[in-house]
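To keep things clear, I will list the structure first and then write my remarks on it.
Throughout, read-outs are computed from the coordinates displayed, never taken from laboratory work. Bear in mind the structure is a predicted one, so any value in this text is a computation, not a measurement. Note: ideal-geometry Cβ built from the backbone for every residue, glycine included; neighbour counts use all protein chains shown.
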Amino acid sequence: MKVEKISCKNFRNIENAEIIPCDRMNVICGENAQGKTNFLEAIWLFTGAKSFRGGKDAEFVKFGETKALISMDFISEGIKKEAEIEIEDKRTAFLNQNKLKAPASLAGSFNAIIFSPADLKTVGEGPAFRRKFLDTAIGQLYPSYIDLLRNYLRAVTQRNKIIKDFRYDSTLSVMLDVFEEEMASNGEKIIALRQRYVKEADKALKEIYSGISSGKEALDTAYVCTASENFTEKLKASRKEDMYKGTTSVGPHRDDLDFKINGISARNYASQGQKRSVALSLKLAEATVLKKQVGESPTFLLDDVMSELDIERQNFILNHIKGMQAFITCCDPTNIKNLESGRVFNISKGMVSRCTYI
């Protein structure tokens, strides 16, 4: 997977600019609010996913304009491809000049991994961050997973509404059975895919984390499941407690990932540096699994994380990510002083002011 050119017109604060990257490390450098992350966001949208920054499609359009356009030339499976996304109130996507049914139809044509400051919370914060990591990673591998998850969460929402009213109307038990069956049907598939993914990622995680820690520490990862077997029975058994709490207590929406460094809980006892190392390892392992599944490395996007990492981890990112094209944003030029080879793009007011080869 290789981006050959990314162009933006009236996208965020970018009036009209393009980047022609190298196939190794590409650094997008500049002060805050100059448009660095906008280029990464533009690349990410070609995965078919929503923006990693959140927000509505209409917010992509430069203030005062009615329409934005981003285009990208890239190579996938050895074939040169062209993609475009037009944005007004919503996105419209094209692949090789053919209009797609929806932007999500780009999924599988172009693969990328995003690592942003929010991902640094994956280890130390609540389970929702770790579930989001799993769901995003698996969704790229298996686009049908997204529908499974959507249907499952809709059934959870309906069950939660019913259990709140059940004490006042026992006739709702029939509807409760229906939504619990739907939860179980989709939930068991979600759990199986998550367990499979964690198993595939574990080996890569161990090797990458060992490299980042210079072999001083060992990382173990486990999927913590609240309903791995007899899902329907567990839902029925939890009804009384769930009615009291007003929420569904078992299922993949309550599951977690557990990380241990040298046998000790990373979430509870790891240092900030160790937690950041685990988060970085997760993203690099995600890239490894994706490459194994699709046969080529994804594009690696790192948004504003260099200042959050110490010199050793900065050096690992700059010079030890092998075999894949990478884009990284940074504000402080000293963060990339150890870059051995690559291309540096200086961004100012949404324009590429200078390009330097290293």
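With the chain treated as a Gaussian network of Cα nodes joined by springs under 10 Å, which of ARG131, ARG313, ARG150 yields the largest mean-square fluctuation? The residue that fluctuates most here is ARG150.
Using every pair of separate Cα atoms, the Kirkwood estimate puts the hydrodynamic radius of segment 189-228 at 11.2 angstrom. What the phi angles of segment 94-108 give under the Karplus curve with 6.51, -1.76 and 1.60, with θ = phi - 60°, is a coupling list of 10, 10, 6, 6, 9, 5, 9, 4, 7, x, 4, 5, 6, 3, x Hz, glycine and proline written as x.
Counting every other Cβ atom within 10 Å of each residue's Cβ, GLU207, GLU286, GLU217 order from fewest to most as GLU207, GLU217, GLU286.
Taking amide H positions as modeled 1.01 Å from N, with prolines and chain starts lacking one, the residues under 5 Å from ILE28 and 5 or more places away or on another chain are ILE328, THR329, CYS330, PHE345.
Can you bin segment 77-150 into rounded, prolate or oblate? Criterion: square roots of the alpha carbon gyration tensor eigenvalues sorted a ≥ b ≥ c, rounded for a/c under 1.5, prolate for a/b above b/c, oblate for the rest. Cα axes put segment 77-150 in the prolate bin. The phi torsions of segment 151-158, fed into the Karplus equation with coefficients 6.51, -1.76 and 1.60 and a -60° offset, translate into couplings of 5, 5, 5, 5, 5, 4, 4, 5 Hz, rounded to whole numbers, with Gly and Pro shown as x. Annotation: the antiparallel percentage among DSSP beta bridges lying fully within the chain is about 75. For the pair MET351 and SER271, the difference between a 0.36 nm per residue extended length and the Cα-Cα distance amounts to 24.9 nm.
Centre-to-centre separation between the Cα atoms of segment 182-233 and those of segment 90-156: 18 Å. From the coordinates of this entry, log10 I(q)/I(0) by the Debye sum over Cα atoms at q = 0.07, 0.10 Å⁻¹ is computed, and it appears in (i) -0.30, -0.61; (ii) -0.68, -0.93; (iii) -0.34, -0.68 under the label (iii).
Per-residue Cβ neighbour counts within 10 Å put ASP310, ASP303 in the sequence ASP310, ASP303, beginning with the fewest. Phi angles across segment 202-218 convert, under the Karplus curve 6.51 cos²θ - 1.76 cosθ + 1.60 with θ = phi - 60°, into 3J(HN,Hα) values of 4, 4, 5, 4, 4, 5, 5, 5, 4, x, 5, 8, 6, x, 7, 9, 10 Hz, Gly and Pro given as x. Here's how it looks for GLU4: its modeled amide H is under 5 Å from those of ASP73, PHE74, ILE75, which are all 5 or more places away or on a different chain.
Of the GluC sites (Glu not before Pro) found in segment 2-56, the ones in coil according to DSSP and having at most 12 other Cβ atoms within 10 Å of their Cβ are GLU31. The length gained by stretching the chain between ALA218 and LYS67 to full extension, at 0.36 nm per residue less their Cα-Cα distance, is 49.4 nm. Enter the Cα centre distance for the pair segment 284-358 and segment 11-61, rounded to the nearest angstrom. Computed from Cα coordinates, the inter-centre distance equals 14 Å. For the cross-link pairs LYS206/LYS337; LYS36/LYS67; LYS275/LYS337; LYS81/LYS206, the ones whose C-alpha atoms lie over 32 Å apart are LYS81/LYS206. Ordering SER116, SER348 from the fewest to the most neighbouring beta carbons within 10 Å gives SER348, SER116.
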